[in-house]
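First the structure, in the form of structure tokens, and then the observations on it.
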Amino acid sequence: MKKVLVTTDFSKKAWNALVYAIKLYKNIPCEFYILNTYDLNAAQLVTTVSSQRVGHFYSSIKITSQERLKTILKDIKDLSTSKNHTFQTVSKPGILANVLEQMTAQSKFDIILMGSKLITSSKQFFIGSNINKALESEFNCPILIIPEDANFNGIKDIAFATNFERIYYKSEIKPIIDLAKINNATVKMIRVYDQSKLNTVQHYNTTALESFFKSVNFNFHVIQKSSNVENGIQSFIENLEINILAMITYKHNFMERLTREAVIKKITSHAKIPILVIPADHI
């Protein structure tokens, strides 16, 4: 039984992420936890002059949160959902990134899904502050970012961006393998290189990856490093019709630039596919 956490702010993008999750795990027994967090906004705090009034505001937004979550459960009943799916709602006070840290520390979730905003004027996706803060936090659970207008039509190809410089751990690769298995998808590993030949460490790590991915279809691809790595990966995604881009977050090296700032803010500003961000097991 998988435990899937889906965040919601009751927006279109959040509903789309939930629908995507339900379809993605259609044939897999799942417990879905639909999370909404609430807090006082700056204007309310400025105009609040007493602790009693603060309490009143919190009670009001808590009730609103709970009522809107009940509405989501009603809306889910109108969907064609699996009998193996159960749904629970969670309403918690606080900043979303902090609540996610607490919840993932207390309970083991297999994956978190979050919706991203489509800017209609430029047809680019905007990664909001909630997702940025979640990715910058000490999260220990894979996060699947779903663009606002991404529809689930099956997953045939998963791209895994890496440069083979780091040792891989089973816990990091497992989320990719899980998605590949339930969709019978092929994992396409993308290497962005400075030099065409692999060094000793890279050879060792590619061998480890071959062992990890032996239970699914996989292959290797290379992209010569240019002045704009992100454009190269984006072209690969479009040319090979990739359905999901997966990355592991690292600190202090190439993948930090690729996953923290560049990919989350640049690739996702162009990509129309979901992005799976996996926290490194060992930093």
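The values are calculated or read from the model by the stated rules, or taken from the named source; none is laboratory data. Just so you know, these numbers come straight off a predicted model, no measurement behind them. Cβ sites come from the backbone with ideal geometry, for glycine too, and all protein chains shown count toward neighbours. Surface accessibility is based on the protein's heavy atoms, side chains included, excluding ligands, DNA and RNA. Shrake-Rupley method; radii C 1.70, N 1.55, O 1.52, S 1.80 Å.
Under the shape rule built on the C-alpha gyration tensor, where the axes satisfy a ≥ b ≥ c, the stretch 153-242 is oblate, since a/c reaches at least 1.5 while a/b does not exceed b/c. The separation of the stretch 19-37 from the stretch 149-225, counted between C-alpha centres, amounts to 25 Å. In the context of the full set of protein chains, the stretch 55-110 has a per residue accessible area of 65 Å² (1.4 Å probe). If the chain linking I95 and F220 were pulled fully straight, counting 0.36 nm for each residue of separation and taking away their Cα-Cα distance, it would gain 41.0 nm.
FRET efficiency for the pair Q88 and E210, taken as 1/(1 + (r/R0)^6) with r the Cβ-Cβ distance and R0 = 51 Å, rounds to 0.85. Shown in residue order for the stretch 198-210 are the 3J(HN,Hα) couplings computed by the Karplus curve 6.51 cos²θ - 1.76 cosθ + 1.60 at θ = phi - 60°: 7, 7, 4, 5, 5, 4, 4, 6, 5, 5, 5, 5, 4 Hz (x for Gly and Pro).
Measuring with a 1.4 angstrom probe and ignoring ligands and nucleic acids, Y58 comes out at about 80 Å² accessible.
Which of rounded, prolate, oblate describes the stretch 67-220, given a ≥ b ≥ c as roots of the alpha-carbon gyration tensor eigenvalues and a/c under 1.5 marking rounded, otherwise prolate only if a/b is larger than b/c?
On the way: a/c = 1.82, a/b = 1.70, b/c = 1.07.
Here the stretch 67-220 falls in the prolate category.
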